[in-house]
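The values are calculated or read from the model by the stated rules, or taken from the named source; none is laboratory data. These numbers come from a predicted model, not from an experiment. Counting neighbours? That spans all protein chains shown, and the Cβs are built from the backbone with ideal geometry, glycine included. Accessible surface is based on the protein model in full, side chains and every heavy atom, while ligands, DNA and RNA are left aside. Shrake-Rupley method; radii C 1.70, N 1.55, O 1.52, S 1.80 Å.
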Amino acid sequence: MTREGIANPAFEPSSPDLRLHPRARASRSRLAPGRPPSVCEEGPCGWGSFTPRALQLCNSPEGYLSAYSLLAVFQDTCQSSGTNIANFSCNTSKESSLSNYLYVFILAQLLLGVGGTPLYTLGTTFIDDSVPKHKSSLYIGIGYAMSLLGPALGYVLGGQLLNIYIDVPLQTSTEIDSDDPRWLGAWWIAFLLCCFATWLLIVPFSCFPKHLPGTAKVQSEKISETHHDGSAAFVEDRNIGKNFKDFPVALLILLKNPVLMCLIVAASTEALVATGFATFLPKFIENQFGQSSSYSATLGGLVLIPGAALGQIISGILVSKYKLDCKNIIKLILGTCSVALILNTVFVFSKCGNEPFAGVSETYNRTGKLRNLTAPCNANCNCLRSFYYPVCGRDEVQYFSPCFAGCTSFTIQKRKKTYQNCSCIGMPKRLLDAEEVPFEALAGKCRTRCTFLPLFLGIFFFAVVFTFMAVTPTTVAILRCVPDKQRSFALGVQSVFLRLVGTIPGPILFGVAIDSSCTLWDVNKCDIKGACWVYNNSKMAYMLIGISAACKVISILFTVIAFCLYKPPPDSSATSQKDAEMVSAVHM
């Protein structure tokens with residue numbers, strides 16, 4: 001402070017470091033680099049000059065987290081609503097025009113990915129900026145867990161909509177029901193509902209300021225844990241990331257960070273398993289345990305969604321409660337992946353054998369040959385293999401259709417067909433008098449005698465919990481091991497790798513593995529192979545456990561490498577929470 005041009009040293013503000021206690025000054029030297037946002041940038045909630053007082057109740061990390069969660073819920077309700085694929089008719093002159101709509105679906109999924117990525121990159125970084133470091137994992141874990149309500153709604157809503165015929169006006173007039181393999185559900189309704197909900201949420205989400213109140217104070221107290229390879233100083237000195245022309249250099253810095261890349265590879269292989277099971281778990285339940293497609297989708301959602309949400313919340317609480325640093329966070333990731341690997345062996349111990357299927361797994365009452373649907377008892381029926389309508393005989397053997405079972409008559413009771421005069425169906429296995437059974441075949445698949453479904457769902461639930469316990473710590477570790485200015489970019493790089501290595505190849509790889517276990521393919525009247533009707537349950541289980549175990553081993557390997565390579569900044573391991581609190585007290 002000066003008066004009449006003469007400086008008075010007594011009123012001259014000294015350097016902050018010289019005014020601090022020595023221990024606080026040492027801690028201050030390890031604070032996160034970069035200029036924290038000023039208080040003037042912590043604007044109110046609103047749109048321009050319109051900042052109503054009532055809206056300021058949401059101007060907090062909790063308010064932002066609520067909006068973040070709601071937007072994530074409805075955004076993710078759209079990789080999880082139930083879908084069906086229709087069979088196209090045979091036309092030798094030209095392809096069906098309906099096949100061109102495949103590109104419309106690809107474009108739609110591309111737009112969903114482009115619109116959804118900023119929420120999990122910029123949005124997550126915004127949360128990390130606004131709360132103290134030890135609370136960041138809890139907020140991120142809650143946000144990620146809440147976002148899983150979207151797939152939950154997709155599973156439940158999609159499962160219910162699959163009970164509605166795809167052409168709604170024909171719901172009551174169609175001759176088939178939801179248990180029929182030819183049934184196509186109204187999958188498209190869920191997309192319309194979540195589309196309107198997402199657009200409505202854009203308005204309240206856009207009211208938040210550039211920085212929430214208190215962000216400047218929070219940022220000034222954070223201590224850097226950036227991997228010590230010189231990148232933090234380089235980014236700070238060159239101010240990397242301020243202009244778009246810095247993109248190549250910024251990307252190269254991240255790609256040369258071995259800890260970041262190892263964590264991203266580990267997360268990508270975990271995502272491969274997660275998306276594969278999210279896509280095909282209902283099919284596994286349907287075929288292994290003889291459940292309907294809609295009920296299997298509901299069971300899959302009840303296991304996957306609560307398990308994933310619980311895992312992310314638990315890990316967020318652990319990191320927050322024990323104030324784990326980056327090194328210990330990587331240890332937590334390693335432990336959860338190892339436990340998940342052990343629990344995934346449930347596919348081997350709870351697999352079910354196939355129910356008897358005439359012409360596939362056994363002959364027609366000791367006539368005919370295996371892998372041949374035609375036998376002497378139905379040779380003159382001229383049955384079509386393109387018409388799959390399974391029936392269960394009184395001999396507890398499943399048949400491809402009433403025609404292949406040799407049935408010549410049927411009756412309908414409560415929209416359920418029963419068949420009589422079936423030449424291929426033998427005597428009942430559990431009854432001595434055939435007349436006690438008023439039918440020879442019932443429409444639908446035979447009920448499975450496998451009782452492992454509760455065991456499978458129980459153990460697999462905990463496998464999901466430990467699998468997703470690694471998600472929140474991985475995100476926090478990525479935010480910690482890179483320079484402060486590159487956090488959003490690092491999450492963006494992770495998002496790209498998750499798509500390219502995890503979420504895109506995952507369903508494809510699992511689909512190929514499941515198809516390899518097929519024992520009876522649909523062959524239409526054009527002699528073109530279509531969907532699979534019957535799978536080898538044991539082979540399917542071994543294929544899934546093989547893929548899952550391989551990915552888990554890769555995740556564990558790269559997590560170990562990340563742990564070994566990580567170098568914290570000098571003296572950061574000796575910094576105590578007391579030092580940080582002292583710095584905070586001095587600033588106040």
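Take the Cα of Ile528, go 7 Å toward its beta carbon, and the backbone nitrogen atoms of segment 354-397 under 15 Å from that spot belong to 386. By the gyration tensor of its Cα atoms, with a ≥ b ≥ c the square roots of the eigenvalues, what is the shape of segment 359-406: rounded for a/c under 1.5, prolate for a/b over b/c, or oblate? Rounded is the answer for segment 359-406, as its axis ratio a/c remains below 1.5.
Loop-located trypsin sites (Lys or Arg not before Pro) in segment 269-330 (DSSP state not H, G, I, E or B) with no more than 16 neighbouring Cβ atoms inside 10 Å: Lys323.
Charge tally around Leu272: other residues with Cβ under 12 Å, Lys/Arg +1 each, Asp/Glu -1 each, net +1.
Ligands, DNA and RNA are left out, and with a 1.4 angstrom probe the accessible area of segment 290-443 is 50 Å² per residue. Using a/c under 1.5 as the rounded threshold, could you call segment 439-574 rounded, prolate or oblate? The axes a ≥ b ≥ c are square roots of the C-alpha gyration tensor eigenvalues, and prolate needs a/b larger than b/c, oblate otherwise. Prolate. Placing R0 at 45 angstrom, the Cβ-Cβ distance between Ser60 and Ile508 gives a FRET efficiency of 0.60 after rounding to 0.05. Extending 7 Å from Cα along the Cβ direction at Asp571 and again at Val553 yields two label points whose distance is 4.5 nm. Between Leu251 and Val114, residue separation times 0.36 nm minus the direct Cα-Cα distance comes to 47.4 nm. Of the trypsin sites (Lys or Arg not before Pro) found in segment 495-574, those that fall in a DSSP loop while having at most 14 other beta-carbon atoms within 10 Å are Lys525.
Karplus-based coupling profile of segment 325-337, in residue order and whole Hz: 7, 4, 5, 6, 5, 5, 4, 4, 4, 4, x, 5, 5, with θ = phi - 60° in 6.51 cos²θ - 1.76 cosθ + 1.60 and x standing for Gly or Pro. Stokes-Einstein diffusion of segment 291-345 at 37 °C, 0.692 mPa s viscosity, Kirkwood radius from Cα pairs, rounded to a whole number: 249 µm²/s. With the simple spin-label model, which puts each label point 7 Å out from Cα in the Cβ direction, the Thr408 to Asp237 separation comes to 9.4 nm. The HN-Hα couplings worked out from phi for segment 44-57 by the Karplus form 6.51 cos²θ - 1.76 cosθ + 1.60 (θ = phi - 60°) are x, 6, x, 10, x, 7, 8, 10, x, 4, 4, 6, 6, 5 Hz, whole numbers, x standing for Gly and Pro. Taken over the alpha carbons of segment 249-340 as equal point scatterers, the Debye sum produces base-10 log I(q)/I(0) values at 0.12, 0.17, 0.19 Å⁻¹ of -0.56, -0.89, -0.99. Counting only protein heavy atoms and a probe of 1.4 Å, the accessible surface of segment 339-397 is 53% carbon and sulfur. With 25 Å as the limit, the listed pairs Lys445/Lys539; Lys331/Lys351; Lys217/Lys321; Lys222/Lys552 have Lys331/Lys351; Lys222/Lys552 beyond it between alpha carbons. Projecting label points 7 angstrom from Cα along Cα→Cβ for Cys195 and Lys539 puts them 4.1 nm apart. Solvent exposure of Met469, expressed as accessible area, is near 20 Å², computed with a probe of 1.4 Å over the protein chains only.
For segment 186-198, the Karplus equation 6.51 cos²θ - 1.76 cosθ + 1.60, evaluated at θ = phi - 60°, returns couplings of 7, 5, 6, 5, 4, 5, 5, 5, 6, 5, 5, 5, 5 Hz by residue, with Gly and Pro reported as x.
Full-extension gain between Tyr101 and Trp521, please, as 0.36 nm times their residue separation minus the C-alpha to C-alpha distance.
Working: separation 420, 0.36 × 420 = 151.20 nm, distance 2.46 nm.
Gain on stretching Tyr101 to Trp521: 148.7 nm.
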